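S.K.: The structure's right below; bear with me while I get my questions together.
Where a number appears in this text, it was derived from the coordinates with a stated rule and is not lab data. Note that the coordinates shown come from a computational prediction; the quantities given were computed from them, not determined experimentally. Here the Cβ positions follow ideal geometry from the backbone for every residue, glycine too, while neighbour counts run over all protein chains shown.
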Amino acid sequence: MTNRNDIERLFKAHYAQMRRLAVALLHDDDLARDIVHDVFATLIEAPFEIPPTGGYLTKAVRNRCLNHIRDCEIHQRIANLYFLENEEYECEDRPDDETIARIYSLIESEISPQARRVMKLRFSEGLPFARIAASMEISETAVYRHLSHALKIIRKKLNENG
């Protein structure tokens, strides 16, 4: 099992290299330091028969950095590409009552029950993706996909009917 002395020795031997790698990947010194410290904190909690090597530590830092980047990209895509902030909705021309009625009709007839529930939570109740995901016990990515698919169907049907 790895003890604190082994961890301290690994920290002294590999910290600088691990931090440089994290800074190179993340371009944020504070975040890089946090990720490297998290890797070492995990080592303290995890039982190892033999102490990990420098290669293991480097891969652990790289993987955590890449996971962080991926998570940020997903959240950024969701926030910026597909859904406008509420203030931007107010600036748009509002559809007429007939169009709104057609949209509600399409939601009831063309959209799956789960996607319908996601749409209600997002647009009627104004919940953020994280709360929708938690309440429905699905991932935030699944919330995004349900909304994206539903909106594509609605746009396609509205464009077909003029």
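S.K.: For region 86-160, with only Lys/Arg (+1) and Asp/Glu (-1) charged at the beta-carbon, what is the dipole magnitude about the Cα centre, in debye rounded to 20?
M.R.: 460
S.K.: For region 94-162, what is the convex hull volume of its Cα atoms per residue in Å³?
M.R.: Measuring per residue, one finds 83 Å³ for the Cα hull of region 94-162.
S.K.: Now, a different point. Sequence neighbours fewer than 8 away in the same chain don't count; with that in mind, list the lysines whose C-alpha is under 28 Å from LYS152.
M.R.: Result set, ordered by chain and number: LYS120.
S.K.: With Cβ to Cβ distances under 15 Å as the rule, what net charge do the other residues near SER124 carry (K, R +1; D, E -1)?
M.R.: So the environment of SER124 carries a net charge of +3.
S.K.: On the principal axes of its Cα set, how long, how wide and how thick is region 4-75? Give whole Å, largest value first.
M.R.: Principal extents (largest minus smallest coordinate, Cα): 37, 21, 18 Å.
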